[in-house]
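Asker: Okay, handing you the structure first.
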Amino acid sequence: MDHSDMAMDEMMIEGAVHTKAKVNSFGEGTVNVSHDPIPAIGWPAMTMDMPLAEDAQMMGNVNVGDNVVMMLAKGEDGIYAVKALMPEE
Ligand SMILES: [Cu+2]
């Protein structure tokens, strides 16, 4: 995965993890994605609803059906939420 993107570097958050995903739909405060495995936190590939963090950033134009890089970070509730989505180039 290419992480040389400047914008993504600026978004680095301690404990954040990244994976590739496809956006299936947006809900109320959620996004349904089919994501690649995330070995850093022991998640297999799956399709799931992810909570969107209140300050989640769409880095560029992210639409349903797009392949994206998804950044997750744990909220205060200990649940991973989407902190950023950026189009996969
Ligand atoms: Cu999942």
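The values are calculated or read from the model by the stated rules, or taken from the named source; none is laboratory data. Predicted model, so just to flag it, every value in this text is computed and none were measured. Every residue, glycine among them, receives a Cβ derived from its backbone with ideal geometry; neighbour counts consider all protein chains shown. These accessible areas exclude ligands, DNA and RNA; they are computed on the full protein's heavy atoms, side chains included. Shrake-Rupley method; radii C 1.70, N 1.55, O 1.52, S 1.80 Å.
Asker: Once the principal axes of the Cα atoms of the chain are found, what is the range along each, listed largest first in whole angstroms?
Answerer: That gives 28, 28, 25 Å along the principal axes, largest extent first.
Asker: Right, something else. Residue by residue through segment 20-31, what is 3J(HN,Hα) from phi via Karplus (6.51 cos²θ - 1.76 cosθ + 1.60, θ = phi - 60°)? Round to whole Hz and write x for glycine and proline.
Answerer: Rounded to whole hertz, the list is 7, 8, 10, 7, 9, 6, 10, x, 7, x, 9, 9.
Asker: Right, another one. Using a Gaussian network model of the chain whose springs link C-alpha atoms within less than 10 Å, name the residue from 55, 66, 36 with the highest mean-square fluctuation.
Answerer: 55
Asker: Using amide H atoms built in the peptide plane, which far-off residues or other-chain residues are under 5 Å from residue 43 H to H?
Answerer: 38
Asker: Also: Just from its helices, what would the mean residue ellipticity at 222 nm be for the chain, if runs of 4 or more DSSP H residues each count -39500 (n - 2.57) and the sum is divided by every residue, rounded to the nearest 500 deg cm²/dmol? Walk me through the intermediate numbers first.
Answerer: Working: 1 runs with 5 residues, N = 89.
Computed ellipticity for the chain at 222 nm equals -1000 deg cm²/dmol.
Asker: Hey, can you find the accessible area per residue of segment 6-87 for me, probe 1.4 Å, expressed in square angstrom?
Answerer: Values: 4520 Å² over 82 residues.
It amounts to 55 Å² per residue over segment 6-87.
Asker: Once neighbouring chains are kept in place and the probe is 1.4 Å, which whole percent of the accessible area of the chain is contributed by carbon and sulfur? Kindly include the intermediate steps, with their values, before the conclusion.
Answerer: Working: 2510 of 5240 Å².
Carbon with sulfur: 48 percent of the solvent-accessible area.
Asker: According to a simple spin-label model (label point 7 Å from Cα along Cα-to-Cβ), what is the distance in nm between residue 40 and residue 67?
Answerer: For residue 67 paired with residue 40, the spin-label model returns 2.0 nm.
Asker: So between residue 47 and residue 24, what do we pick up on full extension, going 0.36 nm a residue minus the alpha carbon distance? Mind dumping the intermediate values first?
Answerer: On the way: separation 23, 0.36 × 23 = 8.28 nm, distance 0.87 nm.
My answer for the length gained is 7.4 nm.
Asker: Would you mind computing, in nm to one decimal, how far apart the modelled labels at residue 77 and residue 32 are, each placed 7 Å from Cα along Cα→Cβ?
Answerer: Label at residue 77, label at residue 32, 2.0 nm between them.
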